[in-house]
Structure formats: C-alpha cells, structure tokens
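Presented below is the structure to which this report refers.
Since every read-out is calculated from the coordinates, none of them should be taken as a lab result. As the structure is a computational prediction, the values presented were derived from the model and not from experiment. Every residue, glycine among them, receives a Cβ derived from its backbone with ideal geometry; neighbour counts consider all protein chains shown.
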Amino acid sequence: MARSRQPLIAGNWKMNGLRADALTLAKGVADGVRQAAWQDRAVLVCPPATLLAAVAESVKSSGVLVGGQNCHAKASGAHTGDVSAEMLRDCGASHVIVGHSERRADYGETDAIVRAKAEAAWRAGLVPIVCIGETLAEREAGKTLAVLEAQLRGSVPSGATAATLVVAYEPVWAIGTGKTPTTPEVAAAHAHIRGVLGSLTADAQSVRLLYGGSVNGRNAAELLAAGDVDGGLVGGASLKPDEFLAIAKSA
Ligand code: PGA
C-alpha cells in the first residue's frame with residue numbers, strides 16, 4: 001500500500017566528528033543510500049556546522065539530504081559565533097533542526113525563539129524540523145500531551161504546511177538514555193500532535209512527524225511503525241553508518 005507521507009530518517013550528529021571521521025561517515029551513508037536506491041523514503045544527515053559544506057559535497061548526487069542543527073533567527077549581523085539559515089543553505093543544506101531540547105536546555109531557547117528560527121528557515125528556503133518533547137517530571141505528572149500542545153502552539157509559525165514543516169517528537173528523558181516510550185505512548189503522542197496541527201496547518205494529515213530519542217537498529221522497526229510516526233530523528237546511532245542505514249531500511 002502506498003504511504004501518504006514519505007518517511008524521513010534524519011541523523012543528528014550533534015557536536016561529534018572531525019573532518020576525516022565525518023567524511024568517512026558521510027561516504028558510508030551515501031554509498032548505502034545509493035545502493036538501496038530508495039524511492040519511498042528520504043535520508044537526511046545533520047553534521048556540525050563546520051562540516052556541513054564538506055559533507056554536502058561528499059554526498060552530492062547520492063540522494064542524501066543535508067541539514068543544520070540550529071540557526072540564528074536573523075539573516076546576518078553582529079551575532080558573534082552564530083550561523084544563519086542563509087549560511088546553512090549556502091553550504092548545501094535543505095533542512096535545519098530548531099528547538100532541540102539540548103538547545104532549549106543549554107541556551108534557554110523558548111518557544112518564541114524556536115518559532116523565530118523556524119521562520120528564518122523559511123526565509124532562507126530551508127525546511128525546519130521543529131523539536132518538542134516533555135521532561136520526565138512532566139510525563140510523571142501526566143502533563144505530556146498538554147506540554148506538547150503548548151510547545152507546538154508556541155513554536156510552529158502560522159502558515160506552515162506539510163511542504164514547509166517537519167515536527168520531531170523527542171521526549172527529553174529518552175534522548176541518549178537508551179530509554180524509550182512504549183509504542184502505544186509514541187502513537188498517542190503523535191496522534192495528539194497531528195490533532196493540534198489540524199488547527200495550525202492547512203494539511204496536518206500530510207505533515208511528517210518524526211520520533212526521536214534512543215532510536216537504534218534494534219527498536220527502530222517497532223517505534224517507526226507506530227501510528228502517525230513518519231520516520232525518526234536519530235542521534236547516537238546515526239554516527240554508525242551501518243546502524244543508521246538499518247534504521248532507514250526499517251522505516
Ligand atoms: P539519541 O538522540 O538518538 O542519541 O537519543 C536523539 C536526538 O537528540 O535527536
């Protein structure tokens with residue numbers, strides 16, 4: 001049966017990799033994607049900003065997409081150390097992750113800041129991957145769905161469509177911990193997200209919703225088959241080409 005939403009498997013390399021390792025990793029992913037010649041899924045890698053141009057060059061014509069991990073809301077100016085969405089695009093990016101929980105925690109990024117970054121992505125012609133997710137305390141307090149809804153309403157700019165938005169649900173407590181929600185919990189969160197998107201986008205049924213948080217080669221098939229899950233945002237396991245490709249295959 002044809003799927004209505006093309007799955008997206010995104011690798012978030014975080015602050016890992018020097019040039020030589022990163023190019024080996026990129027080549028491994030590109031070779032695997034070329035060989036698989038998938039028509040029905042998309043594969044994205046998000047290297048550190050310093051390596052984006054080199055990685056984009058190395059995966060050229062393989063079908064692998066390249067994205068940034070963050071961007072500034074402004075196009076240019078006196079913002080020492082920051083990188084704009086336009087700069088990412090200029091290096092060959094098609095996507096940018098915004099509002100990852102590590103940035104929300106490390107830099108105090110609020111929903112309003114994340115929203116401005118998503119708008120910056122649009123201005124530059126990039127698709128933002130807007131990350132949301134509850135903490136363990138919020139989950140234990142039974143607030144998961146309310147937190148997700150508030151984050152979505154605050155972080156998704158108006159006018160978003162399936163062509164200009166990807167949402168990643170990443171429970172904060174599942175990132176890098178080896179812990180994951182159960183498949184029904186993932187499905188419930190994604191169904192709720194899609195429902196909320198119904199009032200924020202014109203075509204919520206077509207928006208891709210990724211699950212992220214300790215996805216690996218063993219649990220991917222089950223997690224990514226959960227209802228309303230259209231792929232994954234993969235951290236640690238995206239640093240191993242074989243495992244990342246196995247995850248992509250299982251989507
Ligand atoms: P993880 O990270 O797969 O290492 O848990 C996911 C993410 O932070 O995007």
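Per-residue answers, yes or no, for (1) part of a helix (DSSP H, G or I); (2) surrounded by fewer than 17 Cβ atoms within 10 Å (Cβ to Cβ):
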site	(1), (2)
Met15	no, yes
Ala30	yes, no
Gln35	yes, yes
Thr50	yes, yes
Problem - Positions within the range 117-155 being surrounded by fewer than 24 Cβ atoms within 10 Å (Cβ to Cβ) and assigned to a loop (DSSP other than H, G, I, E, B), in sequence order - result: Gly125, Leu126, Thr135, Ala141, Gly142, Lys143
Practice task
Might you check whether a residue that is of a type in the set (S, T, N, Q) and free of Cβ contacts under 8 Å to residues at least 24 places away in the same chain occurs anywhere in the range 219-226?
Solution key: no
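Under the condition of being of a type in the set (Val, Ile, Thr) and away from the ligand (no atom under 16 Å from the Cβ), which residue from the range 200-251 is farthest from the chain's Cα centre (by Cα)?
Narrowing the range 200-251 to residues of a type in the set (Val, Ile, Thr): 201, 207, 215, 229, 234, 247.
Cutting the leftovers down to away from the ligand (no atom under 16 Å from the Cβ) gives us 201, 207.
On the way: Thr201: 18, Val207: 13 Å.
That would be Thr201.
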Practice task
Using the structure shown, decide if Arg104 is within 16 Å of the ligand (Cβ to nearest atom), assigned to a helix (DSSP H, G or I) and of a type outside the set (A, V, I, L, M, F, W, C).
Solution key: yes
Practice task
Check Gly67 against each of (1) assigned to a helix (DSSP H, G or I); (2) under 17 Å from Gly235 (Cβ atoms) and name the one condition it does not meet.
Solution key: (1)
Handout entry: Failed item in (1) closer than 26 Å to Ala120 by Cα; (2) assigned to a helix (DSSP H, G or I), with Thr161 passing the rest
Key = (2)
Completion exercise
Going through the range 183-221 in order, the residues found to be touching a Cys at 6+ places or on another chain (Cβ under 8 Å) and surrounded by fewer than 22 Cβ atoms within 10 Å (Cβ to Cβ) are none
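Please go through the range 227-236 and give me each residue that is within 15 Å of Pro47 (Cβ to Cβ) and out of contact with any Leu (no Cβ under 6 Å at 6 or more places or on another chain), ordered by number. Walk me through it before giving the result.
If we filter the range 227-236 for residues that are within 15 Å of Pro47 (Cβ to Cβ), which is where we start, we get 233-236.
Val234, Gly235, Gly236, listed by residue number.
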